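Data block below; observations after.
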Amino acid sequence: MKTEDNLILKVEDIHKSYGNTEVLKGVSFEVKKGETKVFIGPSGTGKSTLLRCINQLTLPDSGRVWLHGEEVTHSGKNINIYRQKMGMVFQNFNLFDHLTALKNVEISLIKVRGMKKKEATEKALEELKQVGMEAQAGLYPAELSGGQAQRVSIARALAMDPDVMLFDEPTSALDPELTGEVLEVMKKLALGGMTMLVVTHEIGFAYSVANEIIFMEKGRILESGPPQKLVNNPRFERTKQFLSRLSELYKLGDEK
Amino acid sequence: MMDMPFLKDVLIPPLLEGLVVTLKLIICSIPFGFVTGILIATGRVYGNRYISFLCKVYVIIFKGCPLLMLLFIIYFGLPSLGISFSPFCAAVIGFVICNGAYNSEYIRGAIQSVKYGQMRAALALGMTMRQAIMNIILPQAMRRAVPGISNEIIYLIKYSSLAYMLTCIELTGAGKIVASRYFKFTFVFMVIGFIYLMLVTIASKLLGMLEKKLEIPGLIK
Ligand SMILES: Nc1ncnc2c1ncn2[C@@H]1O[C@H](COP(=O)(O)OP(=O)(O)OP(=O)(O)O)[C@@H](O)[C@H]1O
Ligand SMILES: [Mg+2]
């Protein structure tokens, strides 16, 4: 498949059912290099499932995903190569509990990329520095605050030099006073040109950082558009309702 | 009751020889039992349906079969099929099979107690399933399995005496010979019991230290 040069990710008609419930009912979108897209929508709408279908942690029933014009779906063993190129950040951090912050970042460099230990340590420290966590490099996940843990997990994903980053509610498990430090790192990333897909209810972040907000409901994209347009002038009543609830909760335009 | 010359000149020398055999039995069995446990548990949790089934059958059979019977089959039964082992080897094989079956149960439970998010994160970084199991899941699971495996090692120390039934003269066997010759059963077996108690105590202490050493900082169990 030939693509425009700046098209990084293409998601086409993803369907996924669990038992009799169809969780994703045909989701398609495209992401260009350097874009940040924010997914919002009610709980149980399939946002997490969608992100996991993109890197094949969950296998979609049908539909296809391309990264740089190469098909990620049905890629067999090559999936491990594509996954390296798609960093993922989880709501619960999922740091490796038995490894220090440094080793969390290092391990995939050594085991997956085959880097020498010394080189990997250097790169890992560099990544930790990017998220302001180099001072805690020797601490174990259980010794970190939620905000710190999430920043380490971002560093861990970034260490693989991904082409796109997938964030699944990266601040939802954090105390309100800790969300700021994580959002700041994400904002810096986005401004630095990283391509990002972010599921979040931090509408302030979406408003100030996203190129596009995608509103999902019941397994479909209901509408999408630039933040200003979607927030100020949504097409559907449902979008409006949902956004106004979010704004109440998360304060629109709150500069974190 | 306390008969020093008997203890020193008659009992201790053969007991020491027996103790060496007991220690050899234990030390040979532990690593193989450990590896067997890991293989069976991993096969059961992550293997395809056939491997998983085979591992399950293994556990059912060897957890259910009395160890002594297993030892008899290995030592007295297999030669009729043309496979024969020395008493020592037969005992070690039996112990490893049995110890491995029990270990695998602890390890399987431990693997399943590692949250699936750990696997997800590992795969998301581009690790293969195998890399994720080896580098992420097992290191965490094995730590959780340590108390259970320690218990099995303690049992192993005690049931190593069954080797005597295969004419492998270890601690208990050596004592039995002396006791029969001099007809001093109570005294001899009290001494032997004391030695086992010492072995178990030392092993518990060492295993406790190991557990402490493997503890993950900040993690409250
Ligand atoms: N492994 C699974 N097995 C069965 N059902 C699942 C599984 N994963 C998700 N679901 C169901 O799929 C639906 C969508 O889940 P998903 O987690 O993708 O929603 P979400 O939009 O991320 O919601 P939230 O905002 O609460 O995170 C839910 O109804 C959920 O119960
Ligand atoms: Mg979700």
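Within the stretch A:23-41, the set of residues being more than 11 Å from A:Pro60 (Cα to Cα) and either of a type in the set (Gly, Ala, Ser) or open to solvent by 30 Å² or more (accessible area, probe 1.4 Å) (or both) comprises A:Ser28, A:Glu30, A:Lys32, A:Lys33, A:Gly34, A:Glu35, A:Gly41. For the stretch A:102-156, a residue qualifies if it is of a type in the set (Asp, Glu) and surrounded by fewer than 22 Cβ atoms within 10 Å (Cβ to Cβ), and the qualifying residues are A:Glu119, A:Glu122, A:Glu126, A:Glu134, A:Glu143. Could we say that A:Leu9 is away from ligand 1 (no atom under 15 Å from the Cβ), touching a strand residue (DSSP E or B) at 6+ places or on another chain (Cβ under 6 Å), in a strand (DSSP E or B) and under 22 Å from A:Ser75 (Cα atoms) here? For A:Leu9, the condition - away from ligand 1 (no atom under 15 Å from the Cβ), touching a strand residue (DSSP E or B) at 6+ places or on another chain (Cβ under 6 Å), in a strand (DSSP E or B) and under 22 Å from A:Ser75 (Cα atoms) - is met.
Go through the stretch A:184-207 and give me each residue that's in contact with a Pro (Cβ under 8 Å, 6 or more places away or on another chain) and not in a loop (DSSP other than H, G, I, E, B). Passing the criteria: A:Met186, A:Val198, A:Ala206, A:Tyr207. Among the candidates B:Ala145, B:Ala124, B:Ala110, the residue that is within 30 Å of A:Lys85 (Cβ to Cβ), open to solvent by less than 10 Å² (accessible area, probe 1.4 Å) and over 13 Å from the mean Cα position of the chain (by Cα) is uniquely B:Ala124.
Within the stretch B:97-142, if we keep just the residues that are away from chain A (no Cβ under 14 Å) and among the aromatic types (Phe, Trp, Tyr), the residue that is farthest from B:Leu210 (Cα to Cα) turns out to be B:Tyr102. Residue pairs whose Cβ atoms lie under 7 Å apart, sitting 6 or more positions apart in sequence or on different chains, and linking a residue in the stretch A:44-66 that is more than 12 Å from A:Ser17 (Cβ to Cβ) and near ligand 1 (Cβ under 9 Å from one of its atoms) to a partner that is outside any helix (DSSP H, G or I) and of a type in the set (Ser, Thr, Tyr), are A:Arg52/A:Thr58. Taking the stretch A:45-122 and the helices (runs of 4 or more DSSP H) fully enclosed by it, the elements with 1 or more residues that are more than 13 Å from chain B (Cβ to nearest Cβ) and either among the charged types (D, E, K, R) or within 16 Å of ligand 2 (Cβ to nearest atom) (or both) are at A:47-54. The residue of the stretch A:157-182 that is most open to solvent (accessible area, probe 1.4 Å), among those that are more than 26 Å from A:Glu119 (Cβ to Cβ) and more than 16 Å from ligand 2 (Cβ to nearest atom), is A:Glu177. Against the criterion of being within 16 Å of ligand 2 (Cβ to nearest atom), of a type outside the set (Phe, Trp, Tyr), more than 14 Å from chain B (Cβ to nearest Cβ) and crowded, with 21+ Cβ neighbours inside 10 Å, A:Thr200 qualifies.
The values are calculated or read from the model by the stated rules, or taken from the named source; none is laboratory data. Since the structure is predicted, the reported quantities are computational estimates derived from the model, not experimental observations. Because the Cβ atoms are built from the backbone with ideal geometry, glycine has one as well, and the counts that use them run over all protein chains shown. Calculation scope for accessible area: heavy atoms of the full protein, side chains included, ligands and nucleic acids excluded. Shrake-Rupley method; radii C 1.70, N 1.55, O 1.52, S 1.80 Å.
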